[in-house]
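Below is one structure, written out as structure tokens; the observations come after it.
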Amino acid sequence: MYYKINHSVTISEVGTQPQVDTQWVGPTDFWGVNSYTHTPLVGPIDFAIVFPSFHLSQLAKITDWFGDGGGISMNYFMVSARLYSLLQTYQMDEYQYFPAPVNTPGGIVDYHLIYFPYPREDDFIDWGHSLFRRITPSGESRLIQFSNSKERQLARDAHEIHTEKLIVHLEKIKVDIFRFKRFESGFYISEQLKAAMESKGMTGIRYEKVAWPEQTG
């Protein structure tokens with residue numbers, strides 16, 4: 001069983017959203033040659049990447065997950081030091097690590113950016129057995145299939161297409177945390193990791209159970 005990670009929407013817990021503001025300092029700007037905006041869509045970061053400085057928003061509270069780090073990109077998982085330590089005791093998908101200190105009224109608090117270079121929707125989803133349904137404005141309904149996530153993303157009139165049955169190769173998932181990007185985008189964790197995060201009282205997180213039946217062949 002797997003769970004999708006979402007931001008907590010409980011104001012008493014997070015204070016406000018986004019919880020982190022960003023500011024550029026030094027010679028690199030938003031579109032600079034080494035800016036995180038040049039993060040590859042797929043594959044490792046092989047240059048001296050530069051992030052903006054992170055600042056706790058005025059009404060925000062410190063939690064263990066800041067999601068995508070003030071909107072810098074859903075490529076990144078921004079976590080507290082204690083959550084990062086916990087994640088390291090589980091099987092993480094291939095990742096790169098970057099320090100992300102957050103400026104708060106009480107001083108700098110250590111946070112960490114985790115980058116998953118390989119989104120796994122084409123590794124884990126069984127596209128050959130998954131089904132989708134197109135429902136047109138006139139009410140016409142028909143089943144369709146796709147070969148991969150890119151084909152699904154670029155499908156004509158994509159807003160008319162709904163997931164009928166999503167089949168996942170559960171036996172291929174050997175990690176406790178991974179990312180989908182192009183389809184069903186987000187971060188996913190195992191039931192074991194969820195239980196550990198809950199037992200440690202990790203904050204700022206909602207867990208969405210995903211119903212993935214096993215592949216049919």
Within segment 171-203, considering residues that are of a type in the set (G, A, S) and at pLDDT below 95, the one farthest from A81 (Cα to Cα)
S185
Does L193 fit the bill of being closer than 30 Å to S12 by Cα, of a type in the set (A, V, I, L, M) and in contact (Cβ under 8 Å) with a residue 12 or more places away in the chain?
yes
Take T203 and decide whether it is within 21 Å of the chain's Cα centre (by Cα), surrounded by fewer than 18 Cβ atoms within 10 Å (Cβ to Cβ) and among the β-branched types (V, I, T).
yes
Across segment 5-30, which residue is nearest to Q192 (Cα to Cα) among those that are in contact with a Gly (Cβ under 9 Å, 6 or more places away or on another chain), assigned to a loop (DSSP other than H, G, I, E, B) and touching a residue at least 60 places away in the same chain (Cβ under 8 Å)?
S8
Which residue out of F77, F116, F132 is buried (at least 17 other Cβ atoms within 10 Å of the Cβ), hydrophobic (A, V, I, L, M, F, W, C) and in contact with a Lys or Arg (Cβ under 6 Å, 6 or more places away or on another chain)?
F116
Surrounded by fewer than 18 Cβ atoms within 10 Å (Cβ to Cβ) and at pLDDT 95 or above: which single residue out of Y95, Y90, Y84 fits that description?
Y90
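The values are calculated or read from the model by the stated rules, or taken from the named source; none is laboratory data. Since we're looking at a predicted model, the values are computed, not measured. All Cβ positions, even for glycine, are placed from backbone atoms using ideal geometry, and neighbour counts span all protein chains on display.
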